[in-house]
Structure formats: C-alpha cells, structure tokens
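Reviewing the structure listed below.
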Amino acid sequence: RSEITYFEIKTKTKQIIDNLSTVDDFNYAKSVFCYVNSRPGEVDTRTLIDYMAGQGKSVFLPKLNKEAKSFRRFHFMGWDSLVKNSEGYWEPKLGLDEDLSDIDIIIVPALAVSTHGHRIGYGGGYYDKLLRDTHAPKYVLAFEFQLFEYIESTPKDIRVDKIITERRVISTKVDKSFSNN
C-alpha cells in the first residue's frame, strides 16, 4: 500500500464507488456505517462519504471506545466534526450509542481480504466484535492488490459479504465473482 500514489488512490477509489453503485443493497440502503480512511494507501472513504451524503443516505461513523473495545456511532454532520484520536484515526468528537439495528450496510476496513470474505484488519478486534453484533451486510472496499485467494482465519473472525474493488464486485456468500470489465 505504501507504493500506491495519491493519483492512483483517487482514480481507483472512483472506480470502486462506480462499482459499489451497481450493487442493489447499496442503492437501497438508507443508512451506512463507514470508517474514515486515516492510513496511507487506503481507499478514500472520504470521497465515498461525500457521495453517500449527496445521495441522501444517513452516514454513521465509528467513535472508538477503548475501555469497552467497541465503537460508538455518530451521524456524519460534516468534516469539521472530526478529530484525530490517540490511535491516529479520524473520528467524530462525540459517540452517541452502539445500536446498529437501523444500519443497512457496514463498510469495514481491511489490510487484506480473501475472495471468501476473510479479512485482516489492524489487530484490535474492534470490527470483529462490531460485525458479530449485527445482521447488516458487511462490505470491504479494497484495491485489487489487497485481494487474496486465501487468508487464514479463526472461528471468531467474521466474514464480509461483499468485496468491492476497482475491477469487480465479489459476493462471498456464493463465492462467485462478477467482473465489470
């Protein structure tokens, strides 16, 4: 990821958003839980968040709750409502609650993801806990170079339902790929 240029991130993020916009679940979603990219080489979720807000979707962002090893959520109300936390992630100044029952889709970060929906995160286990407590579809936005055929997993790891890259949409429920090329 450290070798991808700013231009490539912007170009490929646009392609990822274009591919995401072909997914019915996403188009019908009224509320989306999405992280804010904070690390070099990540998909630009800021562009996605602006896109979703422009589509009239309610966007909810995670607020780290280190004591409970969980996230609180906060309705996105503009970029000036974010701060960088002690872990180096951009997050809302406030976190309201942990209720995800009204969330239609969760967009999850990943360092790497398998075509079967197993992901490698950043090691805190926060997202695995979050994903275990919801029935909302779980998506990873990733660049093709982050995609692998196999990633070792444990029973506590929660699989994602779809992977969206700059080239394709992969549904992990049926383990088949749909290529947009």
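The values are calculated or read from the model by the stated rules, or taken from the named source; none is laboratory data. Worth saying up front: this structure is predicted, and the values here are computed from it rather than measured. No Cβ is skipped: glycine too gets one built from the backbone with ideal geometry, and neighbour counts run over all protein chains shown. All accessible areas refer to the heavy atoms of the entire protein, side chains included, with ligands and DNA or RNA removed. Shrake-Rupley method; radii C 1.70, N 1.55, O 1.52, S 1.80 Å.
Residues in the range 10-25 that are among the aliphatic types (A, V, I, L, M) and part of a helix (DSSP H, G or I) were compared, and the one that is most open to solvent (accessible area, probe 1.4 Å) is I17. Taking the criterion of being touching a strand residue (DSSP E or B) at 6+ places or on another chain (Cβ under 7 Å) and closer than 24 Å to D25 by Cα, would at least one residue in the range 85-95 satisfy it? The answer is no, given that none of the residues of the range 85-95 is touching a strand residue (DSSP E or B) at 6+ places or on another chain (Cβ under 7 Å) and closer than 24 Å to D25 by Cα. Please tell me if K69 is of a type in the set (D, E, K, R) and at positive phi. Here the answer is yes, as K69 does meet what is asked.
This table checks each residue for (1) touching a Phe, Trp or Tyr at 6+ places or on another chain (Cβ under 8 Å); (2) without any contact (Cβ under 8 Å) to a residue 24 or more places away in the chain; (3) open to solvent by less than 50 Å² (accessible area, probe 1.4 Å).
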residue	(1), (2), (3)
V59	yes, no, yes
R73	yes, no, yes
L131	no, no, yes
F143	no, no, yes
F148	no, no, no
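Evaluating D104 against the criteria (1) open to solvent by 40 Å² or more (accessible area, probe 1.4 Å); (2) closer than 26 Å to S2 by Cβ leaves one unmet condition, (2). Against the criterion of being assigned to a loop (DSSP other than H, G, I, E, B) and under 23 Å from D161 (Cβ atoms), V32 does not qualify. Take the residues of the range 61-70 that are over 15 Å from S31 (Cβ atoms) and not basic (K, R): which is most open to solvent (accessible area, probe 1.4 Å)? Filtering first and then ranking leaves E67.
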